[in-house]
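Just below is one structure, and these are the notes that go with it.
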Amino acid sequence: MAADDFIANKWTQLAGLKNGPVSAESYRSPAFYQLERERVFGRSWLIMGRVEEIAKPHSFMVKEIEICEASVLITRDGEGRVQAFHNVCSHRHNLLVSEPQGCSQLIKCPYHGWAYGTDGELRGVPDEKCFVGLDRKTAGLAKIATEVWNGWIFINLERKPSVSLEDFLGDFGSFLANMEYPNADNPIVVEAQLDCNWKVVADAFSESYHIPVIHPETIGTTFASTSNRTGRLMDARFFGPHRFCSMYGNPEYRPHDHQKVEQLAYSQVQTGSTIAAGKVGSMDAFLAHPSVNPTRTKSWSMDVNFVFPNFNLDTGPGGFWTHHFWPTSYHTTRHEVRFYVPKALTVRERFQQEHYLSRVIEVLVEDVSNVARVQRGLESGAKDAMFLQDNEALLRHSVHHVEKWAKSATVQEAMSE
Amino acid sequence: MNNSLLPAAFADLEAHVAEWALPSFDARMQHRAASSMDNIRRFYDAMQPRAEAALAHLENFPLDALPAAEQRLMHMLYALAQAAMAVEIHGQPKVGHAKLPIAVRVLREPLPV
Ligand code: FES
Ligand SMILES: [Fe+2]
């Protein structure tokens, strides 16, 4: 394909949006952040993780949603049911669990020792006789609306969610349904605390226009080539507030002669691409899914599936990986990344994974080392608007829907066409 | 009792153990990012020609139960992957516009560590 074959100027239109400058306010306004707290994060279904993280009965994990000041305890009870609760003791509201995960039939509050089952029921109260009129049945942990969908654990912080998960996902649910998730039980977990609005870093992982410029040596030559120098998209699709794009990959990429360690790392391990840790063969069912590389091109690097508001599910020849963009203030973000890799069985596989991780961390460092500069530029107030090109349509779509949710008094209004 | 830091065949690399055979991904990554290019290259030039032999040697042991000397050699290989980021990719110790310490932290590494 030649470069101009990729010129479509249609993604923006497909997203139902108009070209033209996009306001920068949602990236820098503390007042807008308050609306995001109540109306975006407070009312959306949020992906908290996967069921494999709490595989065993009575296992649990704690996840923080800083923007909503919520600490969320997600448990699997003795019957195997997955349920989220506020991680808050009913007695005097101490945060109940302090470790990130655990496994035990009773969860004891470290303040006065109230004990709860993994089903959230209150099971033990020291010196219970002195609590006049205490009814254990009404003093269990506060439940949070929870749904498990294709192994993903979703929660909704509204006491009574205005929209069902099924309606929230809409056609995006059909698009992603029944995907296989290879190595879902073995994530590499990465975290960065960043000095930028959460949408600044989410944007950095929603377009490939930046790749040849900010990642010239790490992945520039894997995501671009003479036939697509500026990372134009192969495909983009929009589903209500959710979005998808497919990125170009250079099928000719090989390590250079001087890259001896890279050659050694990949020499006896068959992965789906040069920058992957998945094993060829074990990826077949995953790669056969119609929404993984949907254009079925050889020139494919990865797809981005962005689940509104803050979760990015990426697929590539070597498997899947995820990003969570958790706002911690209007200009800070906790960015969490998980790369799902096979369990290394041999020394060579393990060495390849170390090289793979070293490289993807360098790529992340290239991305996230730039975001504070973007935020400073935004906050300088020098400019009112950003110019977005057609291949940045996912960013335009993101701003549009975040603003729409922030403006809408009801979820029905936010989700209306 | 053998008190060698590395398996006998790799004794020539012992001078690099204290600096590079670090037991976590973050430690190796931060160390490489904060090192001078000369320093990284000295380690790379010593370790890279021995990497194939090191992998071949380590293949004789169970991956999840390496003896102490072999475990150090494995960590030296992991450090070589880090050195390769500087030597084979960036041509400088770290991403040019990144600040030290590097903001990205690995909370759960590939296993076994
Ligand atoms: S606050 Fe938990 S037992 Fe008192
Ligand atoms: Fe990037």
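The values are calculated or read from the model by the stated rules, or taken from the named source; none is laboratory data. What you are looking at is a predicted structure, and each value in this text was computed from that prediction instead of being measured. Cβ sites come from the backbone with ideal geometry, for glycine too, and all protein chains shown count toward neighbours. To get the accessible areas, we keep the full protein, side chains included, count just its heavy atoms, and leave off ligands, DNA and RNA. Shrake-Rupley method; radii C 1.70, N 1.55, O 1.52, S 1.80 Å.
Summary table below
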{"item": "Long-range neighbours under 6 Å by Cβ, at least six apart or interchain, first residue within 14 Å of another protein chain (Cβ to nearest Cβ) within region A:84-113, second more than 7 Å from ligand 1 (Cβ to nearest atom)", "result": "A:100/A:62; A:101/A:61"}
{"item": "Residue that is farthest from residue A:314 (Cα to Cα), among those in region A:204-251 that are acidic (Asp, Glu) and surrounded by fewer than 19 Cβ atoms within 10 Å (Cβ to Cβ)", "result": "A:217"}
{"item": "Residue within region A:142-149 that is within 16 Å of ligand 1 (Cβ to nearest atom), touching a residue at least 12 places away in the same chain (Cβ under 8 Å) and part of a loop (DSSP other than H, G, I, E, B) present", "result": "yes"}
{"item": "Counted residues, region A:36-65 - those being open to solvent by 60 Å² or more (accessible area, probe 1.4 Å), under 23 Å from residue A:162 (Cα atoms) and in a helix (DSSP H, G or I)", "result": "2"}
{"item": "Search result, residues across region B:86-100 that are under 14 Å from residue A:368 (Cα atoms), in contact (Cβ under 8 Å) with a residue 60 or more places away in the chain and more than 7 Å from every other protein chain (Cβ to nearest Cβ)", "result": "B:94, B:100"}
{"item": "Residue list for region A:66-89, restricted to those being closer than 15 Å to residue A:107 by Cβ and surrounded by fewer than 20 Cβ atoms within 10 Å (Cβ to Cβ)", "result": "A:71, A:77, A:78, A:86, A:88"}
{"item": "Condition met for residue A:178 (away from ligand 1 (no atom under 16 Å from the Cβ), open to solvent by 10 Å² or more (accessible area, probe 1.4 Å) and out of contact with any strand residue (DSSP E or B) (no Cβ under 7 Å at 6 or more places or on another chain))", "result": "yes"}
{"item": "Test: residue in region A:132-140 that is under 30 Å from the mean Cα position of the chain (by Cα), of a type outside the set (A, V, I, L, M) and either away from ligand 1 (no atom under 16 Å from the Cβ) or more than 14 Å from every other protein chain (Cβ to nearest Cβ) (or both)", "result": "no"}
{"item": "Any pair with Cβ under 8 angstrom, 6 or more apart, that starts in region A:10-32 at a residue that is in the same structural domain as residue A:245 (by TED's automatic domain parsing) and ends at one that is of a type in the set (Lys, Arg) and in a strand (DSSP E or B)", "result": "A:14/A:237; A:15/A:243"}
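One line per residue, one yes/no per condition, for (1) in a strand (DSSP E or B); (2) closer than 24 Å to residue A:307 by Cα; (3) within 22 Å of the chain's Cα centre (by Cα):
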position	(1), (2), (3)
A:244	yes, yes, yes
A:251	no, no, no
A:258	no, no, no
A:265	no, no, no
A:276	no, yes, yes
